[in-house]
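J.: The structure's right below; bear with me while I get my questions together.
The values are calculated or read from the model by the stated rules, or taken from the named source; none is laboratory data. Because the structure is a prediction, the values reported are computed rather than measured. Counting neighbours? That spans all protein chains shown, and the Cβs are built from the backbone with ideal geometry, glycine included. Only protein heavy atoms, including side chains, enter the accessible area calculation; ligands, DNA and RNA are left aside. Shrake-Rupley method; radii C 1.70, N 1.55, O 1.52, S 1.80 Å.
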Protein chains: 2
Amino acid sequence: MTEKDDFSLQDFLPFLLNRAAEDSSLEFQAHYKNRYGMLRNEWRVLFHLGIFGQMTAKDIGDRAKIHKTKISRAVAKLAERRFVSRSRDEKDRRSEHLRLTPAGEAAYRDLRSQAQSYDAQIVERFTPEEVAMLRRMLRQLAGIEEPASR
Amino acid sequence: MTEKDDFSLQDFLPFLLNRAAEDSSLEFQAHYKNRYGMLRNEWRVLFHLGIFGQMTAKDIGDRAKIHKTKISRAVAKLAERRFVSRSRDEKDRRSEHLRLTPAGEAAYRDLRSQAQSYDAQIVERFTPEEVAMLRRMLRQLAGIEEPASR
DNA sequence: CCTTGTTAGTTACAAAATCAACTATTAATT
DNA sequence: AATTAATAGTTGATTTTGTAACTAACAAGG
């Protein structure tokens, strides 16, 4: 079992990104799963609602590039657990406004602070400049526009 | 729908990594799926065998951190298509040595060159220094030891 | 209006991932 | 040697995802 090639799997960005993503979210994933029984998409939706206050499923999908099917199911679960409330838009009865309930807010705050300290822990081994650069490059790869003024 | 917080989802590394990983592998995924009908795990196994020549399923799992169940099924498919041949280890009859058949080698070479040029295309927008840094940081996040002398 | 097209969201069916149990074989312990 | 534990790999049951088709509501052009 000796390497015999130059372009290794470990140079291949899609592979590397997937591995880094899996590895880096494992612990956090375990946490939010155990604590709230939330899957990745539910947690993403919760975050968006926590950050933006009120959105439709479409808003979330556009912003996070999550497929509407996933959002629909995530919202259904969150609503079932009373983390999210829904209300029809009376101007356009196709869409539904979503917002966090008090319980949802509490879960959001908790997960958010978890995320923040988990993030800090991941990033510990790099310099602030490296981290800034990493985030910038990842945003570009993810097709997320640079935040205007931060 | 206005932002009201400081620590955005888009700063959170596990989120960012997942998004970047998804985005960057989408196109490539479409390619290898259409061309060889291979799924991500099959393609990963193929790559490992192409790079290392001969390995057991365990070797692959250890190196790529893929669960043995996935490897078992991926290998089954690859063997069915005659991309991989298996032979029992007579010293330890529990394990099986895997290697690529000529057809497997051909598929590997093809996918490898695809991967290489796809990688180059992803990376186009950054400077070589940035790319080197990105790979290094991602390897660290993925828990992959730095290649000794490259 | 009334056909045609578009959009928001849900649901159904197929494909895949996950987790646990299982077989076969080897290693370790008494 | 006999028992117990550990390891390589497979299989099966359950959960999750992904793709596509579907419903309901609105929009635009004739």
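J.: What FRET efficiency comes out for the pair A:Ala76/B:Gln116, r = Cβ-Cβ distance, R0 = 51 Å, nearest 0.05?
T.: Working: r = 43 Å, r/R0 = 0.83.
So the FRET efficiency works out to roughly 0.75.
J.: Please work out the Kirkwood hydrodynamic radius for region A:25-142, using every pair of different C-alpha atoms, and report it in angstroms with one decimal place.
T.: Mean inverse Cα-Cα distance, inverted, gives 15.4 Å.
J.: How far is helix B:13-36 tilted, in degrees, relative to the longest principal axis of the Cα atoms in chain B, given as a value from 0 to 90 rounded to the nearest 10?
T.: Computed tilt is about 40 degrees.
J.: Please report the accessible area of A:Asp11 (heavy atoms, 1.4 Å probe, ligands and nucleic acids excluded) in Å², nearest 10.
T.: A:Asp11 has an accessible surface of roughly 20 Å² with all protein chains in place.
J.: How large, in percent, is the carbon and sulfur part of the accessible surface of the protein assembly as shown at a probe radius of 1.4 Å? Intermediate results must be reported in sequence, preceding the final value.
T.: Values: 7510 of 15530 Å².
Taking all protein chains in place, the protein assembly as shown shows 48 percent carbon and sulfur surface.
J.: Another question, if that's okay. How many partner chain Cβ atoms sit within 10 Å of a residue's Cβ in peptide A:128-139, on average, as a whole number?
T.: The mean count of partner-chain Cβ atoms within 10 Å per residue comes to 5.
J.: Could you state the angle between the C-alpha long axis of helix B:128-142 and the longest principal axis of the C-alpha atoms of chain B, as a value from 0 to 90 degrees rounded to the nearest 10?
T.: 70 degrees
J.: Using unit Cβ charges (K, R positive; D, E negative) and no other charged atoms, how large, in debye to the nearest 20, is the dipole of region A:25-142 about its Cα centre?
T.: Details: 25 positive and 15 negative charges, 105 e Å.
Charge dipole, region A:25-142, about its Cα centre: 500 debye, nearest 20.
J.: Now, a different point. Can you pull the mean other chain C-beta count within 10 Å for peptide B:115-126?
T.: Mean partner-chain Cβ count within 10 Å for B:115-126: 3.
J.: Whose amide H sits under 5 Å from the amide H of B:Thr56, counting only residues 5 or more places off or on another chain, with H placed in the peptide plane?
T.: Sorted by chain and number, the residues that satisfy this are B:Leu98.
J.: Still on this model: Nearest 10 degrees is fine. How inclined is helix B:102-123 to the longest principal axis of chain B, computing both from alpha carbons?
T.: With both axes taken from Cα atoms, the answer is about 10 degrees.
J.: Another question, then. Which order do the peptides B:14-24, B:88-98, A:50-60 come out in when sorted by mean C-beta neighbours inside 10 angstrom, highest first?
T.: B:14-24, A:50-60, B:88-98
J.: Quick check on my link table: of B:Lys58/B:Lys91; A:Lys68/B:Lys68; A:Lys58/A:Lys91, which ones sit more than 24 Å apart, alpha carbon to alpha carbon?
T.: Listed pairs above 24 Å: A:Lys68/B:Lys68.
J.: Determine the shielding of peptide A:44-53 by partner chains: average, over its residues, the number of Cβ atoms on other chains within 10 angstrom of each Cβ.
T.: Mean inter-chain Cβ contacts per residue within 10 Å come to 4.
J.: Which aspartates and glutamates have a Cα less than 14 Å from the Cα of B:Lys77, not counting those fewer than 8 places away in the same chain?
T.: Partners within reach: B:Glu42.
J.: Please work out the Cα center distance from region B:86-139 to region A:34-93, rounded to the nearest Å.
T.: 37 Å
J.: Using the Cα centre of region B:68-150 as origin and beta-carbon charges of +1 (Lys, Arg) and -1 (Asp, Glu), tell me which of B:Gly143, B:Val75, B:Pro102 is placed farthest towards the positive end of the dipole.
T.: It is B:Val75, whose Cα lies furthest towards the positive end.
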